[in-house]
Amino acid sequence: MAETVHWVGTGLSTGGGVRVLAESHPVVLYGRTTDKAAACVERLGLTGKVTPRALDSLQPDRGDVVVSMLPATEHARLLKLALANGSHFANTSYVSTEVTEIARDAGVVVLTESGLDPGIDHLLAHDLIARSTVRGPATASFTSYCGGVPAVPNEFRYRFSWAPRGVLTALLSPARYIEGGAEQVAERPWEATTGHILRGERFEAYPNRDSLPFVEQYQVPADWRLTEFVRGTLRLDGWLDAWAPVFAELRDPDPDRITALAADLAAKYPTTERDRDRVVLAVALTVRGDDGTEWSGEYLLDETGDDSDSAMARLVSTPLAAGITDILSGALEPGLHRAAEGAEASRRWLEFLDRNGIRAGFR
């Protein structure tokens, strides 16, 4: 019997990638209840092609793939279940210390960071670094910014594409990055917001999380001196001003108040089926060799949601489908992986995305 993909989660990031997988593999989609799973299967237009089930019935077989689209706090539990049954595991989240520990010597493939951001951004970064024609010592500037925004700008300059409380708490994590050739730390990332022009359109961008480990992950040449290395978030022009009342609350954060604020914002700015989202991902690299040579390149991915999928769901779930396809084809060795580690694998994944209607423009 063919290996089965057990897709767990019916939320906003479950989209077209399920359709791609269902073309060539048995897929079971799990929700909290069978009815919730069936509603998601219907939304995806896959009734009769994908089996809906309740999460408490999950029992994968050896060689299957368990896909966690649940909150990050649930990944370890599902990973343990997968390992107990000899199944592979995949998700789109940043790899956690707990997942890393569980995955050690697992004997199966554990694939992480395989969505949009993290995910497609990794592919584009590897490809840009491999494309550079500068050889030997050089200075280099690298930026990677991604954001989900409303396709039609609203007064809030934002559209929630994931849990509002998660959006707020993410802003409380300090950002570490390189700017002006030196390590920088922004305790309040929004205070490091700058203007960012893409194809003549002005956005606002700020660093998030810790960019520095990705210098090694992206295999940046050791003889490049980094003047800038930032991974961050992209927002519509005017976001900083529109969110000023939110930032006032976050300066002295109280967990209960953040929960209440998230609920207030979700009610005031609801995500509906009528409005459309837009996702913009821009990854750029400039390298100047000590010998006078110079190379620069930039990828821009700009997608808008449609009747079949939100842009966020399409761009998160389709690269994950590429990774799951790699797992089932035997292209990945057992162990812990992130999205396409290296230029050759990245190009293979980018070709997969291109075949499925996702293409980043290069210049």
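The values are calculated or read from the model by the stated rules, or taken from the named source; none is laboratory data. Note that the structure is a prediction, hence the values are computed from the model and not measured. Please note: Cβ atoms are built from the backbone with ideal geometry, for glycine as well, and neighbour counts cover all protein chains shown.
Structure summary
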quantity: Number of the exception - E98 against (1) at pLDDT below 95; (2) in contact with a Ser or Thr (Cβ under 6 Å, 6 or more places away or on another chain); (3) of a type in the set (D, E); calculated: (2)
quantity: The range 311-337 - residue that is more than 13 Å from the chain's Cα centre (by Cα) and among the hydroxyl-bearing types (S, T, Y) and, of those, nearest to V27 (Cα to Cα); calculated: T325
quantity: Selection status of L81, touching a residue at least 40 places away in the same chain (Cβ under 8 Å), crowded, with 16+ Cβ neighbours inside 10 Å and outside the structural domain of C146 (by TED's automatic domain parsing); calculated: no
quantity: Subset of the range 188-216 that is surrounded by 15 or more Cβ atoms within 10 Å (Cβ to Cβ) and among the polar types (S, T, N, Q) - its residue that is farthest from P150 (Cα to Cα); calculated: S211
quantity: Any hit, the range 125-142, residues being assigned to a helix (DSSP H, G or I), crowded, with 20+ Cβ neighbours inside 10 Å and touching a Gly at 6+ places or on another chain (Cβ under 7 Å); calculated: yes
quantity: Checking D256 against (1) under 24 Å from the mean Cα position of the chain (by Cα); (2) part of a helix (DSSP H, G or I), the condition it does not meet; calculated: (1)
quantity: In the range 329-344, the residues that are within 18 Å of A90 (Cα to Cα), of a type outside the set (S, T, Y) and without any contact (Cβ under 8 Å) to a residue 60 or more places away in the chain; calculated: G330, A331
quantity: Extreme residue, modelled with the highest pLDDT, among residues of the range 104-121 that are of a type in the set (G, A, S) and surrounded by fewer than 24 Cβ atoms within 10 Å (Cβ to Cβ); calculated: G107
quantity: Selection from the range 351-363 of residues that are part of a helix (DSSP H, G or I) and more than 15 Å from the chain's Cα centre (by Cα); calculated: E351, F352, D354, R355
quantity: Some residue of the range 253-265 being small (G, A, S) and more than 22 Å from L172 (Cβ to Cβ); calculated: no
quantity: Single match in R43, R53 (criterion: more than 16 Å from G15 (Cα to Cα) and surrounded by 13 or more Cβ atoms within 10 Å (Cβ to Cβ)); calculated: R53
quantity: Options I358, I324; residue that is surrounded by 14 or more Cβ atoms within 10 Å (Cβ to Cβ), more than 16 Å from E303 (Cα to Cα) and β-branched (V, I, T); calculated: I324
quantity: From A331, A321, A313, A340, residue being more than 18 Å from D121 (Cβ to Cβ) and either part of a loop (DSSP other than H, G, I, E, B) or touching a Gly at 6+ places or on another chain (Cβ under 8 Å) (or both); calculated: A331
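Conditions (1) closer than 23 Å to V280 by Cα; (2) charged (D, E, K, R); (3) in the same structural domain as E333 (by TED's automatic domain parsing), marked per residue:
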residue	(1), (2), (3)
R43	no, yes, yes
D56	no, yes, yes
N85	no, no, yes
I102	no, no, yes
L128	yes, no, no
